[in-house]
Amino acid sequence: MSTSVFLNAHLATMATSADGYGELRDGAVRVEDGRVAWVGPRADAPLADAAITDCGGAWLTPGLIDCHTHIVHAGNRSAEFEARLNGATYEEIARAGGGIMATVRATRAASIDQLMAQSAPRLLRLLAEGVTTVEIKSGYGLDLAGERLMLQAARRLARELPFDVATTFLGAHALPPEFAGRADDYIAHLIAVMLPALAADGLVDAVDAFCETIGFTAAQTGRLFAAARAMNLPVKLHAEQLSDQGGAALVARFEGLSADHLEHLSPAGVAAMAAAGTVAVLLPGAYYFLRDTTPPPIAALRAAGVPMAVATDCNPGTSPLTSILLAMNLACTLWRLTPLEALAGCTIHAARALGRHGQIGSIEVGKRADFALWRIDRPADLAYAMGLNPCTGVVNAGVPRAAVVSWRD
Ligand code: DI6
Ligand code: FE
């Protein structure tokens, strides 16, 4: 058994049982076989048979979790960024065959090595900011070969870089040209062919969909979700981003892990999420990048006790964001989350949005010893500074990560 004790650190455990950050100044954590075995004051630390790691007075938090990304993709959409700044809307670009379909064409044309080489630099940015778990969606293949390629790339990247991956099948991201005008037939194809094949490959941890005027209807989404639940796969949903399609209530009806975006979430949707325990995943990068002006109903979510996660939504069209710390700042600055809510949103609530809050997201006995170390004065610094990266080290399952992680060319 490998045993280590991390000493001389200020802990922000984010423990579900604690108030606030679960702060413990001058604390210690004992790790056995990659899991937290003990947490407490340094003076009481059980040191027997343990390798000692002196954290040099750094703050130690749970490893950060980015619970909503499209980070695996090929190509770039800066030309659309320029078009939008010259007046085109995201929906106009999508209806003209741009948007998601532009990235679909680029991704379908890429090999798995090209996909990984283009995605790895974005992942390395997240890892440099203390991220230890990343959710990665498919959704730019929109056929069996392309969706499989994306999910295989996500799994392989997690084998080659020091992070844990949660893969999400997002075949219902957009209607591919092969099914133009036949959305019901495409949903049937996802249910009968693509989802069973990819689940049999062991590539799917959850199922997602884009329930929107330029995506899929609640009825079409419901048929896909019924199939996912019949295969014992959890569901989550891009919901109420551009309009109220009743997506949040729909994913709650399937006891879904999360409803994501939520700018147009109704009071009924809030109530349904609260009753089902569905997490609200807030994506301030897309709101900011699209120059949106309708914020999610943060106060209503807070009042209803709906757990709020914060993620980058890293994608080439609406949120080319690879900084989880900036996502935290945006959630505070644009929507008035508190720094504590922002950090909970990238730790314990993000873990819950992935159905992994029993294993990660806080520093508690029995959980994976995924930690991030910070040269900061207090935990609020993490959401406060824009562009500064105070991360001085990361620990994956008890093993300190090599200081500089690079990608093979
Ligand atoms: N909503 C979004 O903001 C992204 N996907 C989605 O369902 C956009 C993805 C893209 O534009 O490439
Ligand atoms: Fe998204």
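Any residue that is of a type outside the set (Ser, Thr, Tyr), surrounded by fewer than 18 Cβ atoms within 10 Å (Cβ to Cβ) and within 16 Å of ligand 2 (Cβ to nearest atom) - is there at least one of those in the range 89-96? Within the range 89-96, one or more residues are of a type outside the set (Ser, Thr, Tyr), surrounded by fewer than 18 Cβ atoms within 10 Å (Cβ to Cβ) and within 16 Å of ligand 2 (Cβ to nearest atom). Taking the numbered list (1) touching a Lys or Arg at 6+ places or on another chain (Cβ under 9 Å); (2) under 22 Å from residue 375 (Cβ atoms) in turn, residue 31 passes all entries but (1).
Per-residue answers, yes or no, for (1) open to solvent by 10 Å² or more (accessible area, probe 1.4 Å); (2) under 20 Å from the mean Cα position of the chain (by Cα); (3) among the polar types (S, T, N, Q); (4) in the same structural domain as residue 135 (by TED's automatic domain parsing):
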| position | (1), (2), (3), (4) |
| --- | --- |
| 208 | no, yes, no, yes |
| 220 | yes, no, yes, yes |
| 223 | yes, no, no, yes |
| 226 | yes, no, no, yes |
| 237 | no, yes, no, yes |
| 244 | yes, no, no, yes |
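Within the range 61-82, the set of residues being away from ligand 1 (no atom under 13 Å from the Cβ) and within 14 Å of residue 289 (Cβ to Cβ) comprises just one member, 82. Counting only strands (runs of 3 or more DSSP E) that sit wholly inside the range 236-300, those with at least 1 residues that are within 13 Å of ligand 1 (Cβ to nearest atom) and among the small types (Gly, Ala, Ser) are 236-239, 258-261.
Residues of the range 281-330 that are in contact (Cβ under 8 Å) with a residue 40 or more places away in the chain, among the aliphatic types (A, V, I, L, M) and farther than 14 Å from residue 265 by Cα: 286, 290, 309, 310, 311, 324, 325, 326, 327, 328, 330. The residue that is surrounded by the fewest Cβ atoms within 10 Å (Cβ to Cβ), among those in the range 367-400 that are charged (D, E, K, R) and within 24 Å of residue 356 (Cα to Cα), is 367. Residues in the range 135-180 that are more than 21 Å from residue 111 (Cβ to Cβ), hydrophobic (A, V, I, L, M, F, W, C) and more than 16 Å from ligand 1 (Cβ to nearest atom) were compared, and the one that is most open to solvent (accessible area, probe 1.4 Å) is 180.
Counting only residues that are of a type in the set (Val, Ile, Thr), within 21 Å of residue 386 (Cβ to Cβ) and more than 12 Å from ligand 1 (Cβ to nearest atom), how many does the range 301-325 have? So the count comes out to 3. Taking (1) more than 30 Å from residue 108 (Cα to Cα); (2) touching an Asp or Glu at 6+ places or on another chain (Cβ under 8 Å); (3) of a type in the set (A, V, I, L, M, F, W, C) in turn, residue 88 satisfies each apart from (1).
The values are calculated or read from the model by the stated rules, or taken from the named source; none is laboratory data. These numbers were taken from a predicted model, which means no experiment stands behind them. As a convention, Cβ positions derive from the backbone with ideal geometry for all residues, glycine included, and neighbour counts pool all protein chains shown. Please note that ligands, DNA and RNA were not included when accessible areas were found on the heavy atoms of the full protein model with its side chains. Shrake-Rupley method; radii C 1.70, N 1.55, O 1.52, S 1.80 Å.
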